[in-house]
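Notes to accompany the following structure.
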Amino acid sequence: MAGMIGGSTAERELASLSPWTNPAPVITAGERAHRLDRARELMGRMGADALLVGAGASLRYFTGVAWGATERLVAMLLPVVGDPIFICPAFELGSFEASLAVPAADIRLWQEDESPSALVADSLKGAKTLAIDPAMAFLFVERIRAAAPGVALVDGGPVVDGCRQIKSPAEIALMQQAMDMTLEVHRRAARILHEGIRASEVIRFIDQAHRALGASTGNTFCAVQFGRSTAFPHGLPQDDVLRDGDLVLVDTGTLVDGYHSDITRTYAFGEVGDEVRRIWDIEKEAQGAAFAAVRPGEPCEAVDYAARAVLERAGLGPDYRLPGLPHRTGHGIGLSIHEPAYLVRGDTTPLAPGMCFSNEPMIVVPDRFGVRLEDHFYVTETGAAWFTQPQPAIDDLG
């Protein structure tokens with residue numbers, strides 16, 4: 001029954017699911033302290049006196065504060081020497097303190113009629129160079145630049161990405177749980193398919209199944225595509241209806257303590273033609289070649305080249321031409337679903353143990369069908385290790 005496509009119902013599958021029995025531990029205070037120390041080390045290497053990190057995934061990474069960015073500045077100012085300073089709207093203090101997972105001896109507040117940029121400038125204490133979170137909104141950067149004209153603002157990417165790109169064993173464990181949960185949901189979703197089911201029904205089931213396994217957010221995203229819609233990497237604005245002989249593409253993920261899963265499966269509902277099967281087999285070979293190309297020290301782009309070489313030998317492409325692969329082979333993943341580095345030509349970032357990536361060299365046959373197989377791996381000392389085992393066959397989810 002493991003790889004079955006069709007033959008069950010949503011009610012039956014949901015009834016047999018229960019919360020995850022062995023959840024991964026959350027990130028500890030000790031690990032967050034290590035992250036701050038690592039950031040200070042990287043700041044020292046680039047000559048920055050302080051780092052400013054705004055609300056979003058990076059603030060969560062360093063402090064545990066899962067706070068979405070808005071027009072109100074919420075931030076951490078980390079000096080290269082000394083404790084972090086937190087900038088927060090005064091009326092949000094209670095919520096902010098309840099979210100912090102690191103010691104907070106210095107929280108500086110601003111009222112609605114005051115300038116948080118001026119508060120940042122006043123907090124720099126003679127700093128000459130301020131590294132800025134690369135995800136921070138332009139409006140904040142420019143206001144801080146105006147408020148602190150004597151301070152050079154530089155890209156904080158080498159610090160932020162330098163920390164976040166290398167995942168710890170605890171981070172990998174959280175991602176492993178998220179991936180395992182989503183893979184189980186994929187298997188269950190395939191079982192509920194029947195002719196006439198709508199994509200929206202499958203999306204609703206996938207959300208319910210993630211929640212049944214203990215993912216409180218349900219789906220973070222979900223794409224369900226049938227037939228011709230599979231030829232469009234992110235689908236079409238319509239509610240597909242499944243027909244016998246359709247190709248099915250499902251791409252979905254969830255969160256575990258903020259860490260993402262993101263898995264795609266493409267499979268046949270009924271009988272599909274020989275060309276579809278041939279393209280599916282090429283896709284699987286390309287995914288395998290990308291995985292085999294992973295070696296510490298090799299540039300990220302080498303993985304993309306390996307996948308494209310398979311396609312070109314099969315007469316597809318080259319480059320981004322169709323039929324072929326219209327996008328990069330993969331992306332980094334962690335607290336953000338897409339984050340540096342990227343498996344794409346031009347990204348020469350050296351692969352290093354602890355980096356985590358998607359592996360999804362999709363093949364598109366324009367206006368007819370597409371095949372995407374997406375699993376993730378983490379770089380080891382000798383190569384790569386899968387989070388989830390790739391799909392074994394076009395009519396078997398494994």
(message) Please list, in order, the residues from segment 162-194 whose amide nitrogen is less than 20 Å from a point placed 7 Å along the Cα→Cβ vector of residue 239.
(response) 189-190, 192-194
(message) In Å and on Cα atoms, what radius of gyration and Dmax does segment 308-369 show?
(response) 13.2, 39
(request) Mind checking which of 96, 170, 43 is farthest towards the positive end of the chain's charge dipole, using Cβ charges of +1 (Lys, Arg) and -1 (Asp, Glu) about the Cα centre? (result) 43
(request) May I ask you to list the trypsin sites (Lys or Arg not before Pro) in segment 319-398 that are in a DSSP loop and have at most 15 other Cβ atoms within 10 Å of their Cβ? (result) 321, 368
(message) Classify segment 1-153 from the C-alpha gyration tensor, please: rounded if a/c falls under 1.5, else prolate or oblate depending on whether a/b exceeds b/c.
(response) prolate
(request) Place +1 on the Cβ of every Lys and Arg and -1 on the Cβ of every Asp and Glu in the chain, take the dipole about the Cα centre, and give the residue among 398, 59, 146 whose Cα lies farthest towards its positive end. (result) 146
(message) Using +1 at the C-beta of Lys and Arg and -1 at the C-beta of Asp and Glu, which of 270, 250, 215 has the Cα lying farthest in the positive direction of the dipole of segment 211-288?
(response) 215
(message) For a quick check of your reading of the filter: which GluC sites (Glu not before Pro) in segment 11-82 sit in a DSSP loop and have no more than 14 other Cβ atoms within 10 Å?
(response) 71
(message) Over the chain, with the other protein chains present, what is the accessible area per residue in square angstrom, probe 1.4 angstrom?
(response) 41 Å²
(message) To test your reading of the geometry: what angle, between 0 and 90 degrees and rounded to tens, separates the Cα axis of helix 301-313 from the longest principal axis of the chain?
(response) 20 degrees
(message) Cut-off 16 Å, label point 7 angstrom out along Cα-to-Cβ of residue 153: give me the residues of segment 91-123 whose amide nitrogen falls inside.
(response) 115-123
(message) If you fit an axis through the alpha-carbon atoms of helix 29-46 and take the longest principal axis of the Cα set of the chain, what angle between them do you get, 0 to 90°, nearest 10?
(response) 70 degrees
(message) Using a 1.4 Å probe on the protein heavy atoms, what percent of the accessible area of segment 319-398 belongs to carbon and sulfur?
(response) 51 percent
(request) Calculate, in nm to one decimal, what residue 12 and residue 83 gain on full extension: separation in residues at 0.36 nm each, minus their alpha carbon distance. (result) 20.2 nm
(request) For P(r) over Cα pairs in 20 Å bins from 0, in percent, several values are listed as (i) 28, 60, 12, 0; (ii) 28, 51, 16, 5, 1; (iii) 26, 50, 23, 1; flag the one computed from this structure. (result) (iii)
(message) Counting other C-beta atoms within 10 Å, and keeping those with at most 16, which DSSP coil GluC sites (Glu not before Pro) do you find in segment 137-226?
(response) 195
(message) How charged is the neighbourhood of residue 91? Take every other residue with its Cβ under 11 Å from the Cβ of residue 91, and add Lys/Arg as +1 and Asp/Glu as -1.
(response) -1
(request) For residue 271 paired with residue 66, estimate the spin-label separation in nm (one decimal), with each label point 7 Å from Cα along the Cα-to-Cβ line. (result) 4.9 nm
(request) Enter the Cα centre distance for the pair segment 124-177 and segment 29-83, rounded to the nearest angstrom. (result) 7 Å
(request) Compute the Cα gyration tensor for segment 83-170, then decide on rounded, prolate or oblate, letting a ≥ b ≥ c be the square roots of its eigenvalues: rounded whenever a/c is under 1.5, prolate when a/b is larger than b/c in the other cases, and oblate in all that remain. (result) oblate
(message) Let's test the formula: R0 of 41 Å, r as the Cβ-Cβ distance of residue 217 and residue 292. What FRET efficiency results, to the nearest 0.05?
(response) 0.75
(message) Given a Förster distance of 35 Å, report the FRET efficiency between residue 228 and residue 139 from their Cβ-Cβ distance, rounded to the nearest 0.05.
(response) 0.25
(message) At 25 °C and a viscosity of 0.890 mPa s, what translational diffusion coefficient does Stokes-Einstein give for segment 41-92, taking Rh as the Kirkwood radius over Cα pairs? Give it in µm²/s as a whole number.
(response) 210 µm²/s
(request) Assuming R0 = 25 Å, can you tell me the calculated FRET efficiency for the pair residue 278 and residue 319, based on Cβ-Cβ distance, to the nearest 0.05? (result) 0.75
(request) Report the full-extension gain for the segment residue 34 to residue 99: residue separation times 0.36 nm, less the Cα-Cα distance, to one decimal in nm. (result) 21.5 nm
(message) Residues of segment 214-233 with the amide nitrogen closer than 20 Å to a label point 7 Å from the Cα of residue 198, along Cα-to-Cβ, please.
(response) 219, 221-230
(message) Would segment 143-206 count as rounded, prolate or oblate if I go by the C-alpha gyration tensor, calling it rounded below 1.5 in a/c and otherwise prolate when a/b exceeds b/c, oblate otherwise?
(response) oblate
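The values are calculated or read from the model by the stated rules, or taken from the named source; none is laboratory data. Only a predicted model underlies this, so the values are computations on that prediction, with no experimental measurement involved. Note that each Cβ is placed from the backbone with ideal geometry, even for glycine, and that neighbours are counted across all protein chains shown. When the accessible area is computed, the model is the full protein with side chains, heavy atoms only, and any ligands, DNA or RNA have been set aside. Shrake-Rupley method; radii C 1.70, N 1.55, O 1.52, S 1.80 Å.
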